[in-house]
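The values are calculated or read from the model by the stated rules, or taken from the named source; none is laboratory data. Remember, it's a predicted structure, so these values are computed and weren't measured experimentally. Positions of Cβ are generated from backbone atoms using ideal geometry, with glycine treated the same way; all protein chains shown enter the neighbour counts. Heads up: the accessible areas ignore ligands, DNA and RNA and are worked out on the full protein's heavy atoms, side chains in. Shrake-Rupley method; radii C 1.70, N 1.55, O 1.52, S 1.80 Å.
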Amino acid sequence: MSRSPIVARNIPALHRALDHLRLRKSTVALVPTMGALHDGHVSLVRLAKRRAAKVVVSIFVNPAQFAPSEDFGSYPRTWKSDVAKLAAEDVDLIWNPDVKTMYPDGFATRVVPEGPAVAGLEDRFRPHFFGGVATVVGKLFTQVRPDFAIFGEKDYQQLRVVARMARDLDLGVKVVGSRTVRERDGLAMSSRNVYLSAQERQTAPVLHRAMKESVRRLRAGDDVAAAMAGSAEMITQAGFTLDYFEVRHAETLAPVGSLKDGPMRILVAAKLGKTRLIDNVAV
Ligand code: PAF
């Protein structure tokens, strides 16, 4: 039988709930989300449960990581079904602050991440994004003080930025990446997939197929330019507008010339109609 998780909406309530969870010196894992939960988030929660005795999920649609032109207002908000999913997973606590609690009047401090945050990938197209993510995740870490924090590999650059920040600022949390969960046809699960029309939904798995083709060619010994060019063509031919399709060092996200330069990751961002999709795979 699943029970409803405790919901905290302000800092004193959060601290009371956390003190209770930690009574027996239990370890705590945090899963930061913006809600609109799908099976990808459920897999993050399951990983959190394997890592720690208690699991906290934050649900906060963070205005600081959206540009004025982006979908903050229309971002899917599905509170009731989110709570039901988290109850079914036996989550202990939901941290659900409102914007005023997270950014009180006069709020004037931001984290400005560098390194992987300025790798020339997402940051080139969404320059506001990683400052907003690092600021809110930094706050979530200091509010919850988790032992572990679980992030999906689907947002790979975000995972690298947050892991770097946790180390650089000695935040005392181990950032753990969780494998991307895919639909049967390879499309990475994302809260934004609901924006795709039926026809776009049929086209969307091309991104994953194209990346896998580049992986195959890189492993077969093709040089980087040759291995990437054919797949980029496959993506644009399918009707996407490409923002980037690149192979990078898996840790630093620096450009790489060949497999000898270390572990590699292929990363893609492309628009299909009005929907922008991102994805990545290990080489
Ligand atoms: O990946 C997300 O859902 C968000 O960027 C995060 C990490 C919850 C920060 O708002």
Among residues of segment 132-148 being touching a residue at least 40 places away in the same chain (Cβ under 8 Å) and touching a Pro at 6+ places or on another chain (Cβ under 7 Å), the residue farthest from Met102 (Cα to Cα) is Val137
If you check Arg276 against the conditions, is it open to solvent by 40 Å² or more (accessible area, probe 1.4 Å) and not in a strand (DSSP E or B)?
no
Restricting the search to segment 73-95, which residues are open to solvent by 30 Å² or more (accessible area, probe 1.4 Å) and either farther than 21 Å from Ser190 by Cβ or of a type in the set (A, V, I, L, M) (or both)?
Ala84, Ala88, Asp90
For residues in segment 53-70 being more than 17 Å from Val136 (Cβ to Cβ) and surrounded by fewer than 21 Cβ atoms within 10 Å (Cβ to Cβ), which is farthest from the chain's Cα centre (by Cα)?
Ala53
Suppose the filter is closer than 30 Å to Ala36 by Cβ and at pLDDT 95 or above; does Gln237 pass it?
no
Only one of (1) farther than 18 Å from Ala149 by Cα; (2) touching a strand residue (DSSP E or B) at 6+ places or on another chain (Cβ under 9 Å) does not apply to Asp90, and that is (1)
Boolean, Leu267 is open to solvent by 50 Å² or more (accessible area, probe 1.4 Å) and touching a helix residue (DSSP H, G or I) at 6+ places or on another chain (Cβ under 9 Å)
no
What helices (runs of 4 or more DSSP H) lie completely within segment 116-215 and have 3 or more residues being under 27 Å from Ile235 (Cα atoms), open to solvent by 30 Å² or more (accessible area, probe 1.4 Å) and within 12 Å of the ligand (Cβ to nearest atom)?
none
